[in-house]
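Since the structure comes first, as structure tokens, the remarks are kept for the end.
The values are calculated or read from the model by the stated rules, or taken from the named source; none is laboratory data. All values derive from a computational prediction rather than experimental measurement. Cβ placement follows ideal geometry from the backbone for every residue including glycine, while neighbour counts extend to all protein chains displayed. We work out accessible area using only protein heavy atoms, side chains counted, and drop any ligands, DNA or RNA first. Shrake-Rupley method; radii C 1.70, N 1.55, O 1.52, S 1.80 Å.
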Amino acid sequence: MNVNTSVPESLAPQPAQVCASVDDQRRELLGRIESLRQAGALPMSHGGDVSASVAQWTNWSNG
Amino acid sequence: MPTVAAVRWTDRPPGGSADAPIAFDPADFRPRLSTRLLVLQPTPFCNIRCDYCYLPDRDDKSRMSPGTARRAAQRLVDDGLLGERLTVIWHAGEPLAMPIGFYDESIAAIGEATGPHCVVTHSLQTNAMLVDDDRCRLFLRHGVRVGVSIDGPAFLHDAHRLTRRGHGTHARTMKGIERLREHGIRFHAIAVVTAQTLPHVEAFADFFESLGVTELGCNFDEAEGGHASSSIEGLEAAHRAFLGRLFARAAASAGRLQVREHTQALRRLSGGSPPVTWRRVAQPDNAQVQPFAIVNVAWNGDFGSFSPELLGLAAPGHRSFTLGNVMHSGYVDSARREPFTGLWAAVRRGTEACRQTCAHFDFCGGGAPVNKLCENGDLASAETLYCRSMVKRPIELVLAQAEAAASNHPERKV
């Protein structure tokens with residue numbers, strides 16, 4: 001599998017996470033979301049009905 | 001027709017060596033397969049020459065006929081791919097280079113083909129330089145949704161969006177926007193964000209906030225087709241800073257600045273669209289990896305599916321991503337043979353590679369095949385710059401900003 005191996009610095013695993021499996025990373029991500037949701041701090045979409053907007057379909061290409 | 005180098009897109013499971021095909025059966029999908037987006041490319045010709053454009057044949061003045069547009073829609077009906085709603089996007093090269101009469105005829109023909117039980121919305125993406133009163137009346141006559149391609153203030157826009165003689169196009173685009181405003185036509189904007197944009201987020205946000213667009217979409221410079229490399233590759237910390245500030249501006253704008261990537265990240269985190277299932281396995285809804293959810297038709301009737309940019313690309317060995325021609329064959333019928341069978345197997349394996357290797361799969365559903373091909377040389381691969389810039393980083397930024405806000409709120413500690 002020829003995955004892109006050039007991991008950007010901002011997304012590169014931190015030392016404590018180096019051995020984290022994808023499942024661990026997934027659980028950590030879902031945990032953060034759930035914590036925000038339980039605290040009532042998960043922001044909701046404000047206005048902008050993306051689902052009705054043609055902009056949702058034109059997120060490809062340069063131009 | 002541009003080719004992409006070192007492509008491996010045939011039947012190879014991730015990490016394996018067997019070349020087992022993956023059968024395509026519409027019955028494997030729930031809900032049933034239907035086309036949401038019909039991308040019609042009425043002419044390859046474009047009146048300008050942006051230096052980051054991926055499109056081939058921009059000097060080719062060939063034109064689609066209304067009969068081809070009708071056949072493209074009729075094939076959806078014949079193949080059982082028409083649902084209750086369909087968006088038609090007129091796109092690539094510059095769609096307003098086509099005569100007004102073409103759109104009147106084609107829109108009527110598509111409406112006749114799709115019938116009264118499908119709501120068809122027409123959209124058009126333009127550089128706005130050819131917008132005049134007659135074209136504004138065309139938009140109003142048919143309720144066409146307009147998107148304008150503009151990269152921000154003139155010093156950013158004119159760095160890349162050039163005439164054939166190398167002159168900037170910002171002033172002419174702004175004249176077209178003025179004409180839209182005079183007719184009361186609201187529009188969204190799509191900006192290509194390049195390395196030059198990243199240090200100027202405030203000027204960029206100021207411009208679009210004052211422009212009064214319904215929504216701003218940022219297409220981060222991608223390596224595709226004839227555009228071999230992205231200017232933001234390797235500048236991902238700067239990209240993060242840019243996007244973080246843009247999101248903060250959007251959140252503070254009281255709705256005056258709607259940024260698509262911000263809104264989409266919020267939607268993904270809020271649950272997004274209902275999942276789809278393939279062979280009873282659920283995955284997030286991602287039209288770019290579902291056969292015929294997006295159908296792309298070129299001026300001459302050649303059609304493709306999956307990522308729209310694939311139509312017009314070719315892999316070494318003369319394999320193309322053109323699945324057929326609407327004048328001669330149906331969409332689903334094309335799935336019985338190559339090149340669809342190899343393409344579908346590779347896209348499917350790419351989706352599974354994402355599931356196995358990406359913590360954000362639950363919010364994305366498999367990335368963008370064309371970016372996998374052009375960046376990784378392999379449709380069956382996983383992460384790309386597109387994933388990082390359009391999916392992962394927006395989600396991470398929204399979460400980080402929410403956590404920071406909560407930590408400053410005594411009742412919302414997380």
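Condition first: surrounded by fewer than 23 Cβ atoms within 10 Å (Cβ to Cβ), facing chain A (nearest Cβ under 9 Å) and farther than 23 Å from B:PHE29 by Cα. Can you find one or more residues in the stretch B:377-384 that meet it? Yes, because at least one residue in the stretch B:377-384 is surrounded by fewer than 23 Cβ atoms within 10 Å (Cβ to Cβ), facing chain A (nearest Cβ under 9 Å) and farther than 23 Å from B:PHE29 by Cα.
Residues that are within 24 Å of the chain's Cα centre (by Cα) and among the β-branched types (Val, Ile, Thr), at least 1 per element: which helices (runs of 4 or more DSSP H) completely within the stretch B:102-185 meet that? Let's see the steps before the verdict.
Numbers: elements: B:133-142, B:154-157, B:170-182.
Counting at least 1 such residues, we get B:170-182.
When you look at B:PHE45, is it over 18 Å from B:ASN296 (Cα atoms) and open to solvent by less than 60 Å² (accessible area, probe 1.4 Å), yes or no? I'd like the intermediate steps shown before the answer.
On the way: over 18 Å from B:ASN296 (Cα atoms): no; open to solvent by less than 60 Å² (accessible area, probe 1.4 Å): yes.
No.
Residue count for the stretch B:368-388 under the criterion of being closer than 30 Å to A:GLN38 by Cβ and touching a residue at least 40 places away in the same chain (Cβ under 8 Å): the result is 1. Residues in the stretch A:21-53 that are modelled with pLDDT of 55 or more, in a helix (DSSP H, G or I) and facing chain B (nearest Cβ under 7 Å): A:VAL22, A:GLN25, A:ARG26, A:LEU29, A:ARG32, A:ILE33, A:SER35, A:LEU36.
Close Cβ contacts (under 7 Å, 6 or more residues apart or on different chains) running from residues in the stretch B:225-253 that are more than 15 Å from B:GLU396 (Cα to Cα) and hydroxyl-bearing (Ser, Thr, Tyr) to residues that are open to solvent by 30 Å² or more (accessible area, probe 1.4 Å) and assigned to a helix (DSSP H, G or I) comprise B:SER253/B:GLU209. For the stretch B:222-244, the count of residues that are among the β-branched types (Val, Ile, Thr) and either more than 21 Å from the chain's Cα centre (by Cα) or open to solvent by 20 Å² or more (accessible area, probe 1.4 Å) (or both) is zero.
For the stretch B:75-92, the tally of residues that are over 16 Å from B:HIS122 (Cα atoms) and open to solvent by 10 Å² or more (accessible area, probe 1.4 Å) stands at 5. The set of residues in the stretch B:249-263 being assigned to a loop (DSSP other than H, G, I, E, B) and open to solvent by less than 10 Å² (accessible area, probe 1.4 Å) consists of B:SER253, B:LEU257. Just so you know, in the stretch B:264-285 the residues that are in contact (Cβ under 8 Å) with a residue 40 or more places away in the chain, within 12 Å of another protein chain (Cβ to nearest Cβ) and touching a Ser or Thr at 6+ places or on another chain (Cβ under 8 Å) include one that is surrounded by the most Cβ atoms within 10 Å (Cβ to Cβ), and it is B:LEU266. Pairs meeting the criteria (first residue in the stretch B:53-81 and within 23 Å of B:CYS118 (Cα to Cα) and assigned to a loop (DSSP other than H, G, I, E, B), second residue open to solvent by 20 Å² or more (accessible area, probe 1.4 Å) and of a type in the set (Ser, Thr, Tyr), beta carbons under 9 Å, at least 6 apart or on different chains) are B:GLY80/B:SER34; B:LEU81/B:SER34.
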